[in-house]
Structures are given as structure tokens and as C-alpha cells.
Amino acid sequence: MQRIRSLLLVPATLATLVAGCSDSTGPTEADIRNFIAGLSTSGGVDASFRAGAPPEGGAGPVVTVSGTSAMITGGSSIRSLSSTQSFTRVIVAIAGVDGYWEITLPNAVTAQDVVLTLGQDLPEGTFTVEYAAGTSGNVGAFDTEPVSVVEVGTGEVQVSISWDSNADVDLYVVDPSGEEIFWGNSFSESGGELDLDSNAACAGDNIRNENITWPDGEAPSGTYTVRVNLWAACGATSTSYVVTVRREGQAAQTFTGTLTGEGNGGAEGAGEVVTTFSR
């Protein structure tokens, strides 16, 4: 039997401009950390923040960036960098914004996935992300990605997922009382809400994110369980995802994985556990 569920979107449009202040734990003046709060490789190598302007692109490796999920407030997205030349450095900047992120890779590669985690309160909802690759001595030309952020709830607890194919992927969070929030139960008695439910029944909405949040002051204390389920592959042979867990006053945590198979349709209780956390 085909599942019927509505596509939940907080904004009336898919790309709503976000206005606000920087994260309370971020810099006092706007720089890249107010937009991209964290950067790492999919293997867990963290980036270092550098103040000032990024290095100018020159004769180094030329990188191409690909990735298909939208970016949401407070969420993370995977982007794939590839080059015909080997590189050991990844530079990520934002046009017109001070500072940049730099990853030093342990080995030379010609392809690398990176995970970008956006701030929860963005100075602007539209911006251009710039990506470059390099070696110890040089940096190649930058590839650019214009971003229009999809605004979602952030709150005291925020759990989100993004993925890189047209699959129907579902996010589940079980709150401390044992109630499960997912596509079949989008509101919990504890105040949790699934406010973005993407690509329902292979709708092909090109958002590829879901988000569950508790408003400030309403998230119950105790243990939360996060699960991910492949409802349907929608023709994809493999789907990579990143789950982001944010708790007020703590750094964001990200968890990456891959889903394969045709999907199981799953309802309540479906999916695989990604993480548990407490607040």
C-alpha cells in the first residue's frame, strides 16, 4: 500500500531568506563561522579556521564541486570535490565574507567529500560558497556554489538529515518519553515537531533534507534516539547521508552513512539507529 504523507515546509517558498544574529558561541563580528559553523571531511578530519581573505586561486589543482541537497538552517550537507590533479588541502570560503576554513588532508587525493554545517542563525539567507583545492605550495581556481537556505526550526534540540540522491529517506527521533516523531507522527506531546519532510513518495522536490526540532525551553531532559530509514530508493543505487544533532550550548555533532537497497517502506519503529544523546 502506498504511503500518503504531506510535504511539510516551514517557509511558503523553498528558499527563504534568513535574518538573524550569529550563534551565541560564534564570533562577535560576522565572518565565515556565522554562516558555516563547521567543516570536516566525511572521514572526520576537521577544518581549521583562518582569519582574513582566502588565498588567491592560481596554478594549483582545479577542483569541481558536486552535491544535490539543499542547505537548511543548522543542518549539514555533503559536497564532493574532485580534480584531475592530486591535492592535500581544501579551502572553503564565502564570497565577500571574512575568514575561511582549511582542511589539511593526511594523504594526497583526487576526490574528497566534505561536510558543511551551517549556523542556526544566519546573517543572510543567500550567499555563495567558494571551494578550492591545493598542495603545500599553491591553490587552484575556486569553484562556486550559490546557496539559498531553506529555513527550518532550530530551537533547544535540533536533529536533521540531508542526503545526496532522489531517494525517499526518513528521519526518526524517539524522545525521552518514548514517543517517536517521524512522517506518521509529526508532532509529539513533548513539543517536538517534524517541520520539514522531503521527497515524500519519490516526489523529487530536490530539497533532500528533513528536520525535527524542539522549541527553546521545551525539550525534555533524558535520552533521545535517532534513526534513519530508506523508505524507497526511487531509482538510486546508493544514497549517502549526514545526520546533524544540535543541543543548546553544545557543538554540533555529525554522523555520516550510506543506504542501499530498494527500501522497506517502513512505518513506526523502522530504520537503523544512528546515535543516541542526552540533554
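The values are calculated or read from the model by the stated rules, or taken from the named source; none is laboratory data. Nothing here was measured: the structure is a model prediction, and the numbers come from that model. Glycine also receives a Cβ, built like all others from the backbone with ideal geometry; neighbour counts cover every protein chain displayed. Only protein heavy atoms, including side chains, enter the accessible area calculation; ligands, DNA and RNA are left aside. Shrake-Rupley method; radii C 1.70, N 1.55, O 1.52, S 1.80 Å.
Go through (1) exposed (fewer than 12 other Cβ atoms within 10 Å of the Cβ); (2) under 21 Å from the mean Cα position of the chain (by Cα); (3) not acidic (Asp, Glu); (4) not in a strand (DSSP E or B) one by one and return the number of the condition residue 269 breaks.
Exception for residue 269: condition (2).
Within segment 16-27, identify whether any single residue is at pLDDT 95 or above and part of a loop (DSSP other than H, G, I, E, B), and answer yes or no.
no
Among all residue pairs at least 6 apart or on different chains, which show Cβ distances below 9 Å where the first residue, located in segment 242-268, is closer than 15 Å to residue 76 by Cβ and the second is at pLDDT 95 or above and basic (Lys, Arg)?
The qualifying pairs are 252/246; 253/246; 253/247.
On the given criteria, is residue 224 in contact (Cβ under 8 Å) with a residue 60 or more places away in the chain, over 20 Å from residue 77 (Cβ atoms) and not in a loop (DSSP other than H, G, I, E, B)?
yes
Restricting to segment 159-183, count the residues that are touching a residue at least 60 places away in the same chain (Cβ under 8 Å), open to solvent by less than 30 Å² (accessible area, probe 1.4 Å) and of a type outside the set (Gly, Ala, Ser).
Qualifying residue count for the region: 10.
Open to solvent by less than 50 Å² (accessible area, probe 1.4 Å), within 18 Å of the chain's Cα centre (by Cα) and at pLDDT 95 or above: is that true of residue 139 in this structure? It would help to see each step written out before you state the result.
Details: open to solvent by less than 50 Å² (accessible area, probe 1.4 Å): yes; within 18 Å of the chain's Cα centre (by Cα): no; at pLDDT 95 or above: yes.
No, not satisfied.
Mind checking which residues of segment 221-274 are of a type in the set (Ser, Thr, Tyr) and closer than 20 Å to residue 185 by Cα?
Scanning segment 221-274 gives 223, 224, 225.
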